[in-house]
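Here the structure is laid out as structure tokens; the discussion comes afterwards.
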Amino acid sequence: MKKAIFTLLLAATLWTIMFSPMTAPHVNFWWMMTGSALTLSLCGTLFMPRWWKKVTIDPKNILLGVAIAVALWGVFWIGDKLSQIMFNFARPQVNLIYGMKEGESPWLLTALMLFIIGPAEEIFWRGYIQEKFSKRWNPNIGFIVTTAIYALVHAGSMNFMLTMAALVAGAAWGLLYRLKPEWFGAIILSHALWDVAVFIWFPI
């Protein structure tokens, strides 16, 4: 349990540095995100080295991954429209999130999110943290606690929309992992595809 707490404190520190208005201007977000995600996924692999046994790459899981990504994109599209009606700060905060890609190569960002950031985040948050907490307590508590922490590490951004996005996306992937751990390969693929879709291919 000490190892899990250590990695969560590390994640909170790294995410705060990346997203906080006080520190974010002094770092390259995309390279730090890539390095942070790789570091955390390595920790998860060292501390729980059997996560890949749940990963199956076959036509069924590929189709599931694409379907989950599409469905989640649709949820966020609807959520964006509703949030603009409910909150006058919603769109400006969303625009701040999209501003992080300005000046960067879309091809480079696509490669980073598709092959490193998305998969690495799932390996750490679901493959290690949720799995660890589920075994420590029970699968329901593991899902709830992991989802809450995943959202909270984004709170340092001072961006309500980003934190809520992390909560919704984390809840979706976490619930799928809770109910269908054998879909882990599809969940990893959906995270990678959703990242690229919402940021590059079909921005909301």
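Taken together, the values in this text are just the output of simple stated rules run on the coordinates, not laboratory data. Please read all numbers here as calculations on a predicted model, not as lab measurements. Every residue, glycine among them, receives a Cβ derived from its backbone with ideal geometry; neighbour counts consider all protein chains shown.
When the C-alpha to C-alpha distance is required to be over 25 Å, the pairs from 2/60; 135/180; 60/81; 54/81 that qualify are 2/60; 60/81; 54/81.
Judged by the mean number of other Cβ atoms found within 10 Å, the most tightly packed of the peptides 127-134, 88-95, 20-27 leads the ranking 127-134, 88-95, 20-27. The distance from the alpha carbon centre of the range 132-201 to that of the range 81-123 is 15 Å, rounded to a whole number. Diffusion coefficient (Stokes-Einstein, Kirkwood radius over C-alpha pairs, 10 °C, 1.306 mPa s) for the range 112-183: 129 µm²/s, rounded to a whole number.
Full extension of the segment from residue 107 to residue 53, taken as 0.36 nm per residue of separation minus the current Cα-Cα distance, would add 16.4 nm. Working from Cα pairs under 8 Å separated by at least six residues, relative contact order for the range 2-201 is 36 percent. When each full DSSP H helix of the chain is screened for a Cα extent of at least 30 Å along its own axis and an average Kyte-Doolittle hydropathy of at least 0.5, the helices passing are 59-86. Put simply, when 66-75, 165-174, 52-61 are sorted by average Cβ atoms within 10 angstrom per residue, most first, you get 165-174, 66-75, 52-61.
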